Every structure is written in structure tokens, then in C-alpha cells.
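Every number in this text was worked out from the coordinates using simple rules, so none of it is lab data. Since the structure is predicted, the reported quantities are computational estimates derived from the model, not experimental observations. In this analysis, Cβ positions are derived from the backbone assuming ideal geometry, glycine residues included, and neighbour counts consider all displayed protein chains.
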Amino acid sequence: MPVKKIVVCMLLLVLCLCAGCGEQSDVKKSDIVLDTAVTLTARGEDAQAAIDESMARLRNIDNMVNPNVPASDVNKLAQNAGTGKWVALQPETFKMLVVAQDYARKTNGAFDVTTKPLVDLWGIGTDHAKVPTPAELSEAQKKVGWQKLELDEGTQSARLLQKGMGVDLGGVAKGFAVDEVRKIYARYGIKDGLINLGASSMYALGVNQEGTAWRIGLRHPRKEDAQEKMAILPLTNEALSTSGDYERFFEAGGIRYHHIIDPRTGWPAKSGAMSVTIVAADTVEDGGMLTDILTTAVFVLGPEQGARFLRGQDGIEGAVTDGRYQLWTTGDLAKELVDVSPDFHFWQESGEGL
Ligand code: ADP
Ligand code: MG
């Protein structure tokens, strides 16, 4: 081989190797936090450090909202319920409560973190789940009501006005946590990654390893296998949450009793919804937390009322499945969803005639 050709070949080889050096691969870590299988993925020079700090932050948030942690904020609130005493809270818990109360007001109590006595009574997802008696239900319902949770901005404190009350942040904390991890990623300069809290709340940053939008599978609500998808949604720089009646439930007498309670009836919500997915644009402040709250709220409100409620929320779009296998969508979601299972047909919420 002539010398010139050899030199060209060597140059090409060096170029190829250098191109390879520049490519960074995803760093991934999984753990159980906030009662959820969390997987954090990040790409960038400081990906490992960002993930390690994020996992520590998730555990720190868990300690504030976990009723099994004796010194958690939610435990302190429950212990002091009805005493008149104000409980000083961590700023994180206080913020969750402020936004939760805002949406309790906006949804007329469909979303209500004081639903805890009912959540505990039904025990869905525990080994003592049961259909309560009417007497038990009405007793628990007396201890529910977002108007009986007071917040004091100046001292970052809260109090519950009645003995036996409690707050359950199961419908807020994962979304809040997603926003917190996102802030950590930003501090470490992470531009691409996936923050995934058990598919229930997530945030997709930038692109995946192939250089395209992250592809998020939306679970088919009536297939036992969690891998069976109803649709795929490409996601980039957006938050997404999903709530479904398949997550935690038990069946008795052919009826499915699930973990999303309608505080107004005391029963698992019978709104006609099977699952709700909400997406928030990058521009929406606290997008992760809002999508988490809204999935539960819309599930309780039901497909029609819920979709109508979503239309009034800037930067937010949603998809709701109902028992007739209709998929109600708002915003541009109908155009963005791909590979929709043949089981579902679309119903674009127009706001007219409903
Ligand atoms: P997931 O944990 O799968 O994300 P959701 O976001 O739908 O589920 O939140 C459901 C949880 O929120 C329940 O397990 C319970 O702890 C709490 N919860 C149930 N009903 C309500 C409600 N109407 N308003 C606020 N929180 C609720
Ligand atoms: Mg949720």
C-alpha cells in the first residue's frame, strides 16, 4: 500500500475514534423511594453526581411525607389534629399543601389531601383492604374536608381543625419530587435524561440515546400485563403523570375498588374514567406536581368534566380513557399519540356541546 494511502487510512481511524470519544452514554440508577420503583437516567459529564444527589433528595422528601416515619410532617400534623396547635412544616411540605389546597378549591374538593381517613379505611393496596360499612364510611367522612386544613404563610405552619384528621400526600409528592430532581439535573448541566417515578410521574429532558424524543408508553388500562400499551407518546422537555384504577385495587362481587377516592361520596371514584394522563409543557411552573394533582383530580371529575377543566389550564394537555374505550384528549395530544391500541377510539374534547 502506498505511504499516502496508509497516512489517509490512519487519519480516518483517528477521526473515527475521536468521534466515538465525544459520545456520552446514559447513566441509570433504580431504587424504591416514595413507595415507587424510581429510575433516574441522565447523560452528561456530571450525570452520576446528579443522579446520586437526586436519589438522596428523593429519600429526604420521602421522610417528610411518609406516614410510617414517626417524625414526618404528615405524622406531626395528624398527631396535633384538633388541638388547635399550629405545626411548623418543612418548606417542601408547606409548598405541596399550598398547591394542593389551591386545586381543592378549583376542583370543588374533587382533589383533597384530607381524604386520608377514607384512604385508611378502605386500605386499598394493603393486606387489610375491605368494603367499609355505611357507618364506618360516614364516620370517616366527617373527618374529611379541605376547608378544615388551615395554612399560615408567615410561619410556614398548618393545622387540622378536627381530631382524627390527617393529610395524605400520595397524589402530590411524586410530582413534587420530579420537579425537585429536575432542578438538581439543571444545576449539574444535564440536558438529556429521564426522571421516572414508577411511570406515575415523570419528566423527559432533551432526547434519548438515539437522539430522538423519549418514547413513553401509556399503559392499556384493562390488560394485566403492565407492558401492554395503549399508546406511545413522544416526550421532550415535558412533565407527565398518569393515574389509573389498575394501579392499586381489589375486586369483590365483580366490582373493582381502586385507590382514587371521591371525597364527596367516600367511595372509590365512579366517574367513568379508567386512566388519566396529563402532560405539562416546560413553561409550566411546578409542572410535575401539577400533572400529579391533575391526574387524580380529573379521575374524580370524570372524562367530560375533567377534560373541560383541563382546557382552562395553560400549557397542560390530557388524555382520559373511559369505560366505553373512548380516549378523550385535550390540546394537541390526539396528534402526538402514536400506536394507539385498536381497542380505543379518540374523542377530541372541543368544549362545545358538552
Ligand atoms: P399514583 O400513586 O399511582 O400516582 P395518584 O397520583 O392517582 O396515584 O394518587 C392517588 C393517591 O392519592 C392515593 O393512593 C391516595 O393516597 C391519595 N388520594 C386518593 N384519593 C384522593 C383525592 N380525591 N384527592 C387527593 N388525594 C387522593
Ligand atoms: Mg400520581
(message) Can you tally the net charge around Asp192? Count Lys and Arg as +1, Asp and Glu as -1, for every other residue whose Cβ sits under 13 Å from the Cβ of Asp192.
(response) -1
(request) Considering Cα pairs under 8 angstrom that are at least six residues apart, work out the relative contact order of the chain and quote it in whole percent. (result) 15
(message) With +1 on the Cβ of every Lys and Arg and -1 on the Cβ of every Asp and Glu, and nothing else charged, how large is the dipole of the chain about its Cα centre, in debye rounded to the nearest 20?
(response) 280
(request) Could you tell me whether the range 100-236 comes out rounded, prolate or oblate from its Cα gyration tensor? Rule is a ≥ b ≥ c as square roots of the eigenvalues, rounded for a/c under 1.5, then prolate if a/b exceeds b/c, otherwise oblate. (result) oblate
(message) Testing the spin-label approximation: label points 7 Å from Cα along Cα→Cβ at Asp127 and Lys163. State their distance in nm.
(response) 3.1
(message) Using a Cα-Cα cut-off of under 18 Å, which aspartates and glutamates could be cross-linked to Lys229, ignoring same-chain neighbours fewer than 8 residues away?
(response) Asp245, Glu247, Asp322, Glu336, Asp339, Asp343
(request) Work out which helices of the chain, taken as complete DSSP H runs, extend at least 18 Å along their axis over the Cα atoms and score a mean Kyte-Doolittle of -1.0 or more, then list them. (result) 3-22, 47-65, 91-106, 173-187, 287-301
(message) Under a Cβ-only charge scheme (Lys and Arg +1, Asp and Glu -1), can you give me the dipole magnitude of the range 213-354 about the Cα centre, in debye to the nearest 20?
(response) 440
(request) First check a/c for the chain, with a ≥ b ≥ c the square roots of the eigenvalues of its C-alpha gyration tensor; if it is under 1.5, answer rounded, and if not, answer prolate when a/b is larger than b/c or oblate otherwise. (result) prolate
(message) At 0.36 nm per residue, and after removing the present C-alpha to C-alpha distance, how many nm does the segment from Ser341 to Ser138 gain when stretched out fully?
(response) 69.0 nm
(request) Just need the relative contact order of the range 213-354 here, percent rounded to a whole number, with Cα pairs under 8 Å and 6+ apart. (result) 21
(message) Report the gain in length on full extension from Asp120 to Glu153: 0.36 nm times residue separation, minus Cα-Cα distance, nm rounded to one decimal.
(response) 9.0 nm
(request) Starting from the Cα coordinates of the range 70-160, work out the convex hull volume and express it per residue in Å³. (result) 113
